[in-house]
Amino acid sequence: MAWILEPWSMGFMRDGLFAGLITGLSCALLGVYVVFRRMAFAGEAMSHTTLPGLVLAQMYGWSLTLGALASNLATAIGISILSAGGSRRRGVREDAAIGVAFTGMFALGVILTSFGGSWRDLSHLLFGNILAVAPGDFWFMVIAAVAIFVSLVLLHKEFELSSYDSNYADLIGIGASRLRLAILVLISLAVVSGVQVVGVILTSALLITPAATAAMFARRLIPLMALSVVVSWTSIVCGLYASYFWSLPPGASIVFVATLIFVGSWIWRKFAG
């Protein structure tokens, strides 16, 4: 049984575990609303729009976390402006606005890499390095998790109502466009936290896969969130075990375990549920 505790005797493994659990918590809780509001594409897009900010920060020696956050917040505001009134034909459809922002920002990031470095220089950003989280990044994860949790507690009724009927929410004074911007900002915080854990390419998996798995077994909000967190934390712990004992990339291992849990849950529900 000593092998169970062996990885956690290493300081870098403990640090990675704490960082992963904090990020996994915030992504799992927010992911429930992302899946509930059918914004999975937004989660995928926001993870890729961090690239220009990351590249610029790398080029000029700025904070990578702040660079990614600035890039994501700019994207969130842009999507909100473009899609404002889209349902009333005064703006662009939200999915179209997200698609334009996603491809445009990612293309900008690729262009910037030609001026400031190579893909090899940015590999730790594209795929993450949970075992080398800097103290500043760790505290950002904590702050982001607290901000996401508090926001979800304060705005959960508004989020639920606007998800069911955005027009009615507008009618009674709950601005659906403002709530859309709010959830995009929260996604930005979660994504920036996840970049260090699993990288730009795989961050959306932390946001979507645990919540999608939980949705197979729960319908009420609290059980759904609790199960999403359990799936997220299980994926992180098992992924780190796989990384330690089999020398696998930790970020990819975490996401692959989450995917296996999702597929296994689907099969069980399909044939035994």
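The values are calculated or read from the model by the stated rules, or taken from the named source; none is laboratory data. Predicted, not measured: the structure shown is a model, and the values here were computed from it. Cβ: placed from backbone, ideal geometry, glycine included. Neighbour counts: every protein chain shown.
Based on this model, can you work out whether Met1 counts as out of contact with any Gly (no Cβ under 8 Å at 6 or more places or on another chain), more than 13 Å from Leu207 (Cα to Cα) and not hydroxyl-bearing (Ser, Thr, Tyr)? So Met1 fits the description; yes. Scanning region 121-134 for residues that are modelled with pLDDT under 85, under 15 Å from the mean Cα position of the chain (by Cα) and in a helix (DSSP H, G or I) yields Leu125, Leu126, Phe127. When Ala28, Ala57, Ala42 are screened for being under 30 Å from Phe115 (Cα atoms), aliphatic (A, V, I, L, M) and either touching a Lys or Arg at 6+ places or on another chain (Cβ under 8 Å) or crowded, with 24+ Cβ neighbours inside 10 Å (or both), only Ala42 passes.
Of the residues making up region 190-232, those that are modelled with pLDDT of 90 or more, buried (at least 24 other Cβ atoms within 10 Å of the Cβ) and more than 8 Å from the chain's Cα centre (by Cα) are Thr209, Pro210, Ala211, Thr213, Ala214, Ser228, Val231, Ser232.
Residues that are assigned to a helix (DSSP H, G or I) and small (Gly, Ala, Ser) within region 239-269 comprise Gly239, Ala242, Ser243, Gly251, Ala252, Ser253, Ala258, Gly264, Ser265, listed in sequence order. Applying the set (1) out of contact with any Ser or Thr (no Cβ under 8 Å at 6 or more places or on another chain); (2) in a helix (DSSP H, G or I) to Ala218 leaves exactly one unmet item: (2). If I filter region 26-39 for residues that are in contact (Cβ under 8 Å) with a residue 60 or more places away in the chain, outside any helix (DSSP H, G or I) and within 25 Å of Thr213 (Cβ to Cβ), do I get at least one hit? For region 26-39, residues in contact (Cβ under 8 Å) with a residue 60 or more places away in the chain, outside any helix (DSSP H, G or I) and within 25 Å of Thr213 (Cβ to Cβ): present.
Condition check ((1) in a helix (DSSP H, G or I); (2) of a type in the set (Val, Ile, Thr); (3) at pLDDT 80 or above) across all residues:
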| site | (1), (2), (3) |
| --- | --- |
| Leu69 | yes, no, yes |
| Ala74 | yes, no, yes |
| Gly78 | yes, no, yes |
| Gly91 | no, no, no |
| Thr103 | yes, yes, yes |
| Leu112 | yes, no, yes |
| Trp119 | no, no, no |
| Gly136 | yes, no, yes |
